[in-house]
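Notes follow the structure.
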Amino acid sequence: MNISPRFRSVAVAVIAAAGVSFASAAHADSGTIRFAVYKAAFFVGGSGGEGTLTFHGRRYPISIGGISGGLAFGASKTYFSGTVRHIRRARDVTGVYGAVGGGGAVGRGAQMIVMTNDKGAQLELTGRQVGLQVNADISGMSITVK
């Protein structure tokens, strides 16, 4: 069977491009994250907290900060835990994560959220909330790996 040199060149280029794409996706990894966030709001709210990122068996301290605006009032503390996906190094978790949502808790409540930062790191979190908090807002959260 005689394959033209042009076809062979195109085939090699396509296979090489697919290999590079697959290799970069294969190098992305995941870790676990746990943190507590204190939140207080009266239409405009603020939040802060700290926790730990575990990546490749090593623990990294993290700090949390955030703001929210919309229909929100109350005060609460939420304990989050979950998975961080699509990271190559611990610093990829650093960034701003945004969410639009709503919810509430009187006493105890549960939350689940998925957020992504500008580096492609994706947080899949579940949370346990304590306090009085009602919200229908747009919020942002900043995570910094120390």
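The values are calculated or read from the model by the stated rules, or taken from the named source; none is laboratory data. Please read these numbers as outputs of a predicted model, since none were measured by experiment. Every residue, glycine among them, receives a Cβ derived from its backbone with ideal geometry; neighbour counts consider all protein chains shown.
Some values worked out for this structure:
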| item | result |
| --- | --- |
| Selection count where residues are assigned to a strand (DSSP E or B) and either farther than 20 Å from GLN129 by Cα or touching a Lys or Arg at 6+ places or on another chain (Cβ under 6 Å) (or both), scope the range 85-99 | 5 |
| Qualifying residues in the range 32-66 (those that are more than 15 Å from GLY95 (Cβ to Cβ) and aliphatic (A, V, I, L, M)) - the one modelled with the lowest pLDDT | VAL44 |
| The range 27-68: number of residues that are without any contact (Cβ under 8 Å) to a residue 24 or more places away in the chain and not in a strand (DSSP E or B) | 1 |
